[in-house]
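Below is one structure, written out as structure tokens; comments come after it.
The values are calculated or read from the model by the stated rules, or taken from the named source; none is laboratory data. Predicted model only: the values in this text are computed from it and were never measured. Protein only, heavy atoms only, side chains kept; ligands, DNA and RNA dropped before computing areas. Shrake-Rupley method; radii C 1.70, N 1.55, O 1.52, S 1.80 Å.
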Amino acid sequence: MRRIATALSAVALAASLGACSQGGSPSGSNNADETNSGSSITDVSSLVTAAKSTMDEKKTVTVSFEGTGPLAQMYENMKCQVDVEKAAMGCGGGAVEMTINGDGIFMKSPQMAQLAGDPSKQWVKMPATEEMTQQFGELGKISDLQAMLPAGSSIQSSAEEQVDGKDATRYEVVTDLKKAAEEAPEAKKAGFKVLLDSGVTELKQTVWVDADKLPLKVAMTSPAMKVQGQDIPETKLTVRYADWGKPVEITTPPADQVQDMPSTPGLPG
């Protein structure tokens, strides 16, 4: 199950929420069928550049998740506050509470506290070597549009519409996973290989941005696949962005409530 979770993360969580960060400008063809040439953008690189400027200016955002399938269930009812400038995030409301900041990755779960050895300390600091830790750590990149739209991504079409009562531009984006794999860091290539070997060749995402190019919503679909002989159903995940620029509070759990999670083969993943 660990490798299956990693495979799903590589496309669904990773590509949708940021784990496919390539450390450079994404590339793509200019295939957008613009409905309003005054506000639409035709290539991913320009969309990322325009968004980054306003996202950096706002510095903070709150995100929430919804969807269907195994991946979406991991984040059901979860809401996260994100500090873009400090690369920090605090999440609550889901099955697991999380804090991700410069001090590390902390997770609050009775089951994980029991597994770590001391049920009285509800917060667990995750070891950096664990695959699950890396997956949740990538969640902290949900405010990085460049990471969400990696190399191999191209805009297929765009249209003007509304999101939660706000004027928005919708971009339909397709990522060529073979190209993304070719340009990915070595640490990410294995996950892409599993997906490509399973017959998954592209990832489709829909991105809605407002007039300032701030993301309002991102929706993606990870197609049904078979990994190591097991059928993985289709997963649909939507990330909603709200309250850009409003204050957030992200704190490291008190030291006396934290224990280290041992790096062991038995850690669920």
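Stretched out straight at 0.36 nm per residue, the stretch from Glu234 to Ala159 would grow longer than its current Cα-Cα span by 24.4 nm. Sequence-distant or interchain residues sharing an amide H contact under 5 Å with Ala88, placed H: which? Amide H neighbours of Ala88: Asp83.
Potential lengthening of the chain between Asp167 and Asp256 amounts to 27.3 nm, from the contour at 0.36 nm per residue minus the alpha-carbon distance. Here's how it looks for Gln156: its modeled amide H is under 5 Å from those of Glu172, Val173, Val174, which are all 5 or more places away or on a different chain. Kirkwood radius, region 162-269, all distinct C-alpha pairs, inverse of mean reciprocal distance: 17.7 Å. Here Ser53 sits with roughly 70 square angstrom of accessible surface, probe radius 1.4 Å.
Only Cα pairs under 8 Å and 6+ residues apart enter the sum, and on that basis the relative contact order of region 158-269 stands at 19 percent.
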